[in-house]
Structures are given as C-alpha cells and as structure tokens.
Amino acid sequence: MRTNTIKLAVAGSAIAVFMAFSAPSQAMELGAKAGTDFTELNVGMGRQTSGLYIEGNWAKNTQNGRQIGGISSGFNIPLGPAMINLGAKALYMQGSISDNEGVAFPIGGGITVSFTDSLAFYAEGYSAPDASSNRVKSYTEADAGFSWVPVQPLKLKAGYRYVGLDGTAGNPDERIIDGAYLGAEMDF
C-alpha cells in the first residue's frame, strides 16, 4: 500500500509542476464543503477556465471515519454558456473495514452552466470499475448543485454529494458520503 501512496504523490507532483509552468494564467481555487455527516476540502488550478486543470481533495465522513483523498486532472471545454470537463482521478479510499481500503482510478466528467455572471448550476460524476480499482468491486461519485458569487473572489455552493464503494465478495457496500452540503470557495 505504501508503494501506491508514493506513486500517487510522485504523479501528483509531476502534474502540478506541469500545470504551474504550462498555464501561468490559470486561476487558483481553495474550497470547503460541509454536510450533516461529512467535511470536504479541495484545492485546484484551472477549474474555471478552458484547457487543462488539476485539483486535489480530501473528504471524511465525520460520523464513521470513512474517508477519500486524491488528485484529479482533466480538460475543460467551453460550449456556449456551459463548460464541459472530462477528467480522471487517482484516489485513496478508506472504508470501515480494511478490505475496503485501497486505490481507485475513476474517469468521468461534468458540466457547469452559467445562468448569470454570479449564478450557475454544476454537476459531475466519476466511476471506476473493478479493473481500475483494487480491493473494491467499483467506486462511484456524483456531485451536483448551484453556485452563487455574491462578491469576487467568494463563491458559495449548495448541493448534494454521493461517494460509494461496492465491496468485493464478503465485504459490505459502503457510502462514504451521501448528503446535502453547503460550501464556500475562494477563486484567485
């Protein structure tokens, strides 16, 4: 397991260096979300602009201690008032039992549709089948909600987030995150 963590850190560092030197005009984002039973922190670069982006996040279920953390990278494509993103993630997962602890490499995408300069709808989903995750049958996550920018650089969010694991034979399926949240983000 330690080898996977080291590989994940090296890959993340390489992507971060590439992003830092290839796109000096990329915007930086720092954010937090809190739901009834979970907390999530994230940092990213380039999520609001077309082209490459990178993001790191950590989320923990405050009720049972289950958690996930990792990095994602992808490409944003503007399409009228919408921004479509396609990406991949490298995640560490910690379920309630050791057999549901491991890594996953989900792929997916999302969309952000701006209604005005300050109000937008966003949704994204990622999935990793058995072949791209170890120790779980599959990994699924989804996030959707609305964002509002009352004043720059502050962005407020309200939405629903789900992160779940399908356990292997004899191991339980688990919901790491499943609920509504409120969040805030600073975009620089």
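May I ask you to say which residue of 143, 166 is crowded, with 19+ Cβ neighbours inside 10 Å and either modelled with pLDDT under 90 or under 23 Å from residue 86 (Cα atoms) (or both)? Steps first, please.
Numbers: 166 fails: crowded, with 19+ Cβ neighbours inside 10 Å.
Just one listed residue meets the conditions, 143.
Considering 138, 118, which residue is over 20 Å from residue 185 (Cα atoms) and touching a residue at least 24 places away in the same chain (Cβ under 8 Å)? Before the answer, list the steps.
Working: 118 fails: over 20 Å from residue 185 (Cα atoms).
After applying the criteria, what remains is 138.
Determine whether residue 132 is buried (at least 20 other Cβ atoms within 10 Å of the Cβ), hydroxyl-bearing (Ser, Thr, Tyr) and over 17 Å from residue 174 (Cβ atoms). Break it down into steps so the answer makes sense when it comes.
On the way: buried (at least 20 other Cβ atoms within 10 Å of the Cβ): no; hydroxyl-bearing (Ser, Thr, Tyr): yes; over 17 Å from residue 174 (Cβ atoms): yes.
Spelling it out, it is not the case that residue 132 is buried (at least 20 other Cβ atoms within 10 Å of the Cβ), hydroxyl-bearing (Ser, Thr, Tyr) and over 17 Å from residue 174 (Cβ atoms).
Considering segment 70-91 alone, what residues qualify as being part of a strand (DSSP E or B), touching a residue at least 12 places away in the same chain (Cβ under 8 Å) and surrounded by fewer than 18 Cβ atoms within 10 Å (Cβ to Cβ)?
So in segment 70-91, the residues part of a strand (DSSP E or B) come out as 70-79, 82-91.
When the remaining residues are screened for being touching a residue at least 12 places away in the same chain (Cβ under 8 Å), the result is 70-78, 82-91.
Scanning segment 70-91 gives 75, 77, 78, 82, 84, 86, 88.
State which residue pairs qualify: first residue within 10 Å of residue 59 (Cα to Cα) and inside segment 32-43, second residue buried (at least 20 other Cβ atoms within 10 Å of the Cβ) and of a type in the set (S, T, N, Q) in any location, beta carbons under 7 Å apart, and separation of 6 or more residues or different chains.
Sorted first by the residue in segment 32-43, then by its partner, the pairs are 38/61.
If you take just the strands (runs of 3 or more DSSP E) that sit entirely in segment 114-188, which of them hold at least 2 residues that are over 27 Å from residue 27 (Cβ atoms) and β-branched (Val, Ile, Thr)?
Numbers: elements: 119-128, 136-151, 154-167, 174-187.
Result: 136-151.
The values are calculated or read from the model by the stated rules, or taken from the named source; none is laboratory data. Note that this is a predicted model, so its numbers are computed, not measured. Quick reminder, even Gly has a Cβ in these numbers, built from the backbone with ideal geometry, and neighbours come from all protein chains shown.
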